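To start, the structure under review is shown below, and the notes come after it.
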Amino acid sequence: MPLIPATMRAAWISQRGPADQIRVEPIAVPAPGPSDVLVRVQYAAVNPIDTFVRSGQYITPLPFPFVIGRDMVGTVAALGDGASRFAIGDTVWTNSLGHEGRQGCTAEFAVVASDRLYPLAREVDPAVAIGVFHPAATAYLAMTTHARTQAGDTVYIAGGGGHVGSAAIAMAVLAGARVIASAAPADHDYCRGLGADVVLDYRDEGLAQKIAAAAPDGIDVHLNTSGRHDLQGAVDMLAHGGRVVLMSGLKARPELPVGGLYTRDASILGFAISNASTSDLQAAANRVNQLLVQGTLPLRKTEVLPLAEAARAHQRMEAGEVQGIRLILKP
């Protein structure tokens, strides 16, 4: 068994604040508890939620110095006595670190509770898998657990060309739903290739009318991944019992169209994967693993950066410079 060093390189902060406070310096390698696994990190993803947690926009308990990042793939380096379902050398992944007092994973090693850790099949390339864990699990929980999407539903996905939006198209199609998506024209063929029945230009001034024409009986599930919420427009297009799932737009303050909601028996559901239970995350992981093996999960462009670029990666994300690109850090 390879020796585990006393220290490791990690990207960490000593307080909430701007991205330039991220330091990439040695800290102690964490020790796994009885039910934990120490993982040697191969890749760590950069997600928008990472910037919210780091900056303080999304308040959650943080142990300082706090290692940033929530998603990683790696190999098992050491085991607690109660983590017997894994073995040294197993390739594993997680997507729920860096929240509620849990340290992050943008480091050479990370400790993961065994009930938040999942195996990765040998035939799946870790460099590919790291790009889809977060958006795919998010899309699964949004579409399945919260929206209760089922066969025969008509689903509208705004931002269908994005990471979560494209995964949501795939998840909705797998559930047997009919999908209407909006995206930039350059992404229309991509969305159709994922199974979207109708794809519209999100900038079209007549978008609402075209959605209505494509769904004369209304929309059963409305998912907007762009963070720009028009609740009045969303509710107006709902079918009886329709569901609007809110999962982006941290600072959005749209007006609430009460009348359209109660007269349709409709609902607005807030959803953040950070709040998902371990059982929900396990269900999502099972589905993600299945689709990874099948090769049916969409993967958009990724860019792999060295750990030293952690602060710059956060700055680029906050500046909107990485639309359509998944940033991946390699320790």
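Remarks
- Asp217 vs. criteria part of a loop (DSSP other than H, G, I, E, B), among the acidic types (Asp, Glu), more than 24 Å from the chain's Cα centre (by Cα) and within 20 Å of Ser267 (Cβ to Cβ): yes
- Residue tally, condition open to solvent by less than 20 Å² (accessible area, probe 1.4 Å), among the small types (Gly, Ala, Ser) and over 15 Å from the mean Cα position of the chain (by Cα), over the range 279-310: 1
- Residue within the range 232-248 that is without any contact (Cβ under 8 Å) to a residue 12 or more places away in the chain and either open to solvent by less than 60 Å² (accessible area, probe 1.4 Å) or farther than 30 Å from Glu123 by Cα (or both) present: no
- Tyr58 meets the conditions (1) open to solvent by 50 Å² or more (accessible area, probe 1.4 Å); (2) modelled with pLDDT under 95; (3) of a type outside the set (A, V, I, L, M) in every case but one. The failed one is (1).
- Among all residues of the range 19-34, there is none that is at pLDDT below 95, crowded, with 20+ Cβ neighbours inside 10 Å and hydrophobic (A, V, I, L, M, F, W, C).
- The lone exception for Val304 - which of (1) modelled with pLDDT of 95 or more; (2) outside any helix (DSSP H, G or I); (3) under 21 Å from Ser96 (Cβ atoms) it fails: (3)
- Residue check for Ile268: crowded, with 16+ Cβ neighbours inside 10 Å, of a type outside the set (Phe, Trp, Tyr) and in a strand (DSSP E or B): yes
- The set of residues in the range 97-117 being polar (S, T, N, Q) and open to solvent by 10 Å² or more (accessible area, probe 1.4 Å) consists of Gln103, Ser114.
- The set of residues from the range 56-90 being free of Cβ contacts under 8 Å to residues at least 40 places away in the same chain and of a type in the set (S, T, N, Q) comprises Thr75, Ser84.
- Single condition Val179 does not satisfy, out of (1) under 30 Å from Gly295 (Cβ atoms); (2) part of a strand (DSSP E or B); (3) open to solvent by 20 Å² or more (accessible area, probe 1.4 Å); (4) free of Cβ contacts under 8 Å to residues at least 60 places away in the same chain: (3)
- Of all residues in the range 118-158 being acidic (Asp, Glu) and closer than 25 Å to Val41 by Cα, the one that is most open to solvent (accessible area, probe 1.4 Å): Glu123
- Failed criterion for Gly98 (all others in (1) part of a loop (DSSP other than H, G, I, E, B); (2) more than 15 Å from the chain's Cα centre (by Cα); (3) free of Cβ contacts under 8 Å to residues at least 60 places away in the same chain hold): (2)
- Subset of the range 271-301 [assigned to a loop (DSSP other than H, G, I, E, B) and under 21 Å from Ala127 (Cα atoms)]: Gly295, Thr296, Leu297, Pro298, Leu299, Arg300
The rows are residues; the columns are (1) among the aliphatic types (A, V, I, L, M); (2) more than 29 Å from Gln323 (Cβ to Cβ); (3) part of a strand (DSSP E or B); (4) out of contact with any His (no Cβ under 7 Å at 6 or more places or on another chain).
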{"residue": "Leu3", "(1), (2), (3), (4)": "yes, yes, no, yes"}
{"residue": "Met8", "(1), (2), (3), (4)": "yes, yes, yes, yes"}
{"residue": "Asp20", "(1), (2), (3), (4)": "no, no, no, yes"}
{"residue": "Pro26", "(1), (2), (3), (4)": "no, yes, yes, yes"}
{"residue": "Pro34", "(1), (2), (3), (4)": "no, yes, no, yes"}
{"residue": "Val39", "(1), (2), (3), (4)": "yes, yes, yes, yes"}
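The values are calculated or read from the model by the stated rules, or taken from the named source; none is laboratory data. Treat the numbers as computed from the prediction; the structure is a model and nothing was measured. We place every Cβ from the backbone using ideal geometry, glycine too, and count neighbours over all the protein chains shown. Side chains are part of the model used for accessible areas, which takes the heavy atoms of the whole protein and leaves out ligands, DNA and RNA. Shrake-Rupley method; radii C 1.70, N 1.55, O 1.52, S 1.80 Å.
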